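Some notes on the structure that comes next.
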Amino acid sequence: MARQQGWFALILSLAIAAGVVCSSFPFQLGLDLRGGSQLTLEIQPTEEIQRIQSDQVEAVKVVLDRRVNGLGVAESNLQTIGTNQLLLELPGEQDPSRAARVLGKTALLEFRAQKPGTENKLQKLKKIRRDSKNILLLYKNKSSSFDDQTREISSNTITSIRKELGLEISEASQESQLEEAIETINKKIVTLMEPAYLTGKDLISAGRRQEQSASGWEVTLSFNQEGGNKFAELTKSIAGTTRLLGIVLDGQSISEASVGEQFKSAGITGGAATISGNFSAEGARELEVQLRGGSLPLPVEIIEVRSIGPSLGKENINRSLLAALSGLIVVALFMLYVYRLAGLVAVVALSLYAVFNLAIYALIPVTLTLPGTAGFILSIGMAVDANVLIFERLKDELRRGNTLIRSIETGFSQAFSSIIDGHLTTLISCIALFYLGTGFVKGFAATLGIGVLISLFTALTCTKTLIRFLMSYQSLRKKTNFLPLNQIPSTN
C-alpha cells in the first residue's frame with residue numbers, strides 16, 4: 001500500500017511540475033506556425049572545385065550561420081539538404097529580401113592598388129558612375145522638379161551612358177538600366193587595379209559609424225598584425241601619387257581612395273581602415289554583417305524564397321489546436337463508452353500524457369511545426385493503443401470468471417510484451433526518420449518519438465497506479481464497472 005501511495009505521489013508531483021513548466025516556459029514555434037521567411041540556398045561549384053564535398057558544405061554553413069546571427073533574427077534554423085543545398089528558416093522575419101542580400105553575396109573583400117598609367121580611364125569611369133548615380137537618385141526620389149522634360153533628358157543620358165559602356169539598349173525600367181550600368185562600371189574599375197595584395201582573410205572585425213562631415217555612413221575595419229603590415233605596405237606604395245587604393249567586394253569596386261603624401265615613409269599604420277561610399281544606415285549594416293561573417297568559401301545561389309504571414313501562422317495554430325482537442329475528445333468518449341471505469345482511467349492517463357509531452361517540448365525545447373503537431377496527435381493514438389491492449393486482456397480475464405484484482409494484474413502482464421514491441425518498432429522508425437530526414441520530417445519524427453517514450457510511462461505506470469488507487473475503494477471494486485452485466489459469467 002505504501003509503495004502504491006508513493007507511485008501516486010510521484011505521478012501527482014510530475015503532473016504539477018509539468019503544468020508549471022508549460023506555464024513558465026514559452027513554446028518554440030516553427031516557421032509555419034509563427035510566420036516568417038524560408039530560403040533555400042544552393043552551393044555552386046567553381047572552376048577549381050567541381051565537386052562539392054561535405055566539409056565544404058559545413059564551411060559555407062558556418063559562414064552563413066555567423067551572418068544570420070549578425071542579422072539579429074532569433075531562433076533561426078539552418079540545416080543541410082542533400083549534398084549541396086541549405087535550408088534557412090527565419091521565424092518572424094517578414095522581409096526575406098534583406099536576408100537574401102546579406103546571405104547571397106560571397107563577401108570577398110580585397111584591397112588593390114591602381115595600375116600605373118590608368119588615371120585618365122579611371123577618372124572617366126568615375127564621372128560616368130557619378131552621373132549615373134545622380135540620375136538614379138532623381139528617379140528614386142521623383143521630386144516635383146522631375147518633370148517630363150527632365151525625364152527625357154535623363155532618358156537620353158542613360159542611352160548615351162549604356163552605349164559608352166558597350167551595353168545593349170534594354171527595355172527594362174530606367175532604374176534597372178542605371179543599376180546595371182553602375183555595376184558594369186564598378187567591374188570595369190576593378191580591371192584597372194593590380195591583383196589583390198590584402199584580403200578580408202586578415203580582417204578581425206568590422207563596424208559602422210556615421211560620417212562626421214556628411215549624412216552618410218561608413219564601415220570601419222580592423223586587421224590582425226599581418227593584415228596591418230600588408231595594409232601599411234600597400235598604402236606606402238601609392239602614397240603621394242595619383243594612383244588610388246581600390247576597395248573591392250565580390251569583384252566590384254565599392255570605393256577608391258587617395259593616400260596622402262604624409263604616409264609616404266611608413267604607410268597607414270595601426271591596422272585599421274575605413275570604407276566610405278555614401279552608404280545608407282541599412283547598407284552599412286549589411287556590409288558590416290557580411291564582412292564580420294567572413295567570405296563564403298564557395299558561391300551560393302538562392303533558388304527559392306517563401307514567406308508565411310503572421311495571420312496564416314495564427315490560423316495554423318488554431319487549426320492544430322482544434323485537431324488535437326477534437327482527437328482527444330473523440331478518443332475519450334470512445335474509451336468511456338467501451339471500457340467504462342477503465343476508460344475513465346485511460347482519459348486521465350491521456351491528459352497526463354498530453355501535459356508531460358508539452359512540458360518536454362518546452363524544456364528541450366522542441367520547435368513545433370505543423371508536421372510536428374501531426375506527430376503529437378498521432379502519438380495520442382499510440383498511447384491509447386497501449387491502454388486498449390491492457391483493457392482487452394482485462395476483459396478477457398473477467399469473462400473467464402477470474403476475480404477483478406487478478407484480472408487487472410493479468411491484463412497488464414499479458415499486454416506488456418505487445419506494448420513494448422509495438423512502441424519499439426515505432427521508435428526505430430522515428431530514429432530513422434530523424435537522422436535520415438530533413439526539415440519538417442525531423443520535427444514529425446521528434447514529436448512522435450518523444451510521444452512514444454512518454455506513452456510507455458503513462459500506459460504501464462500511470463494507468464496501473466490509477467487503477468490500483470481506485471480499487472482501494474470497496475464501492476468501485478465491481479466487475480460491472482469494467483464489463484457489461486450480460487458478459488460476466490454466472491457464479492453458479
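Data for the structure
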| item | result |
| --- | --- |
| Residue tally, condition among the charged types (D, E, K, R) and in contact with a Leu (Cβ under 6 Å, 6 or more places away or on another chain), over segment 68-107 | 1 |
| Members of segment 210-227 that are touching a helix residue (DSSP H, G or I) at 6+ places or on another chain (Cβ under 9 Å), small (G, A, S) and either surrounded by fewer than 21 Cβ atoms within 10 Å (Cβ to Cβ) or outside the structural domain of A196 (by TED's automatic domain parsing) (or both) | G216, S222 |
| Hey, S97 small (G, A, S), at pLDDT below 80 and within 30 Å of G246 (Cα to Cα) or not | yes |
| Given (1) part of a helix (DSSP H, G or I); (2) over 23 Å from the mean Cα position of the chain (by Cα); (3) in contact (Cβ under 8 Å) with a residue 60 or more places away in the chain, number of the condition Y361 does not satisfy | (2) |
| Sole residue being under 47 Å from the mean Cα position of the chain (by Cα) and in contact (Cβ under 8 Å) with a residue 40 or more places away in the chain, chosen from A432, A446 | A446 |
| Residues of segment 321-371 that turn out to be of a type in the set (F, W, Y) and either at pLDDT below 85 or closer than 23 Å to L404 by Cα (or both), as a count | 3 |
| Selection count where residues are farther than 30 Å from G166 by Cβ, in a helix (DSSP H, G or I) and of a type in the set (K, R), scope segment 188-232 | 2 |
| Residue list for segment 317-351, restricted to those being in contact (Cβ under 8 Å) with a residue 40 or more places away in the chain and within 32 Å of the chain's Cα centre (by Cα) | I317, S320, A323, A324, G327, L328 |
| Matching residues, segment 410-436, being surrounded by fewer than 16 Cβ atoms within 10 Å (Cβ to Cβ) and more than 17 Å from A386 (Cα to Cα) | I428, S429, I431, A432, Y435, L436 |
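The values are calculated or read from the model by the stated rules, or taken from the named source; none is laboratory data. Worth saying up front: this structure is predicted, and the values here are computed from it rather than measured. Glycine also receives a Cβ, built like all others from the backbone with ideal geometry; neighbour counts cover every protein chain displayed.
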